[in-house]
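Notes follow once the structure below has been shown.
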Amino acid sequence: MLNRVILIGRLTRDPELRYTPSGVAVTQFTIAVDRPFTSQGGEREADFIPVVTWRQLAETCANYLRKGRLTAVEGRIQVRNYENNEGKRVYVTEVIADNVRFLESNREGGSGGGQREENPFGGSSAGGNSNRSSNFSRSQDPFSDDGKPIDISDDDLPF
């Protein structure tokens, strides 16, 4: 049996970080995932999917994800239920994420004062996998623009 889901969407609000009574971090957020078709009126529709992350991944998501950011989520679907204050049974379907990838750079617009938040995973991902990117500084980046033309010989071109 298989229960695996991969979603790409934008956060509808900043993640909510909480801690269980035993001190385990848990974060909840919702991503809006566009449907691959338009409605009869020609409008694009989206599904709003709740996501839950636990432990270190929860703290990382709370620190680096913000409303509107494009994000990929990998995990499993979980359905749980509880009885609300009115005595009615409520069913909740959510994605329990074990890998979250940040698909946009972490640049702040306008009021950032020139400061840039550093992503501990090299600006690309967070999660339980050990294939994390190296964290390069600007001076180590071989593709940084230093204002000089790039010398490429004909032997370097693939065509």
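None of the figures in this text is laboratory data; all of them are computed from the coordinates on show. This structure is a prediction, so every number in the text was calculated from the model and none was measured. All Cβ positions, glycine included, derive from the backbone under ideal geometry; neighbour counts span all protein chains shown.
Under a model in which nothing but the beta-carbon of Lys, Arg (+1) and Asp, Glu (-1) is charged, region 14-83 shows a dipole of about 180 debye around its Cα centre.
For the pair Glu43 and Ile6 in one chain, pulling the backbone fully straight at 0.36 nm per residue adds 10.9 nm over the alpha carbon distance.
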